[in-house]
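Have a look at the structure below before the remarks.
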Amino acid sequence: MTEERFILDVIEEANAKRRVERRRFMRAAGGAAIAAGGLSLLAACDDDDDDAPTPVPTAAPTTGVSEADVLNFALQLEYLEANFYSYAAFGTPINAALTAGIGTQGSVQLPSTEAGRPRPVQFQDQVIAQYAREIAYDEIAHVTFLRRQLGAAAAAQPAINISGDATGSFTAAARASNVVGSTATFDPYLNENNFLLGAYLFEDVGVTAYMGGVQLLSTPAFIEAAAGIHAAEAYHAGLVRTVLYARGLSTQSLITAAGQISAARDTLDGTINSGLLNQGGSRDQGITLTNAAGVTSANLVPTDANGIAFVRSPSQVLNIVYLNGAAGTSSGGFFPAGVNGAVRTTVANT
């Protein structure tokens, strides 16, 4: 058994320790998991007999989606992130036991074997390697946690493309953002810099997605859980941006590439001309900013004038991960067959 495989096998044991803390707020709310069918909540987090009332999922105002739908949408994004980091850090996708559920279960498209190069990232900087492993643990824990709360209503892992070859979604994203040429390949597992750019593509989107999703929740226990995951994603995003900036001081191409990825995300989600922030009306910002006097500085957190991060709607998030800004899109990009669950199709960007 390899060291990497052993690490993955004991992740659930490590997650159990994390659950001790998470269960505190779930017990306060009655302890719950969403059942299939009527999507009502059943006590499932532990065996305690609490007197607190069991929370009942409600439909989000004006959206027609239930809290279960919101959690399942978050779960789809966590499948994507967990598989990317698990593969980058350990050379394997997440455990198959974490992939079954409602909807069409799909496989993970990984890089094709290349002679002479192991599949996971061959980290030269062991600090970045540690970061990658810790984020992988967190993302796998998020999948495990959301699936446990959803119970029998958990949506299956859909087909996911995290390949780094010519047909991979990372290559499509890099070409669309001009990070590489129209015929070049972008492999996020090739080296540390590519890995950081691949992580940058996902992490900022995850932060804005949870900010949008928490607004659609009404049960306090679920709001706290979503806010907690949002905080973890924000830590990840800030770390990735910080390391990219530090490396970009000596490798300018990293700063340029991050700005190109940000601009592409704005184009996809329809906010390139929002006028909310600087950088030509873009709200999604790269890792540096240049003021009116031409002075460039670090930009570790993309915020407005009040220091507040912005929000993406589920549709805007899907526009990015589908790599398609058109309304009515239900598949593509990192999710070749679309995501599972009620929230899966984009609407017109505004």
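Values for this structure:
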read-out	value
Among 89-99, 73-83, 335-345, the order from most to least packed when residues are scored by Cβ within 10 Å on average	73-83, 335-345, 89-99
Cβ charges +1 (Lys, Arg) and -1 (Asp, Glu), total dipole of the stretch 128-281, debye	40 debye
Of G333, A298, H230, farthest towards positive along the dipole that unit charges on Lys, Arg, Asp, Glu beta carbons give the stretch 207-350	G333
Prolate/oblate/rounded call for the stretch 221-350, Cα gyration tensor, a/c under 1.5 rounded	prolate
Computed lengthening from D304 to Q122, 0.36 nm per intervening residue step minus Cα-Cα distance	61.8 nm
Ranked list, fewest to most other Cβ atoms within 10 Å of each Cβ, for S297, S66, S163, S218	S297, S218, S66, S163
Spacing of the two label points (7 Å from each Cα toward its C-beta) at D165 and V347, in nm	3.9 nm
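FYI, it's all coordinate maths here, none of it is from the lab. Just so you know, these numbers come straight off a predicted model, no measurement behind them. Ideal geometry is used to build each Cβ from the backbone, glycine not excepted, and the neighbour counts take in all protein chains shown.
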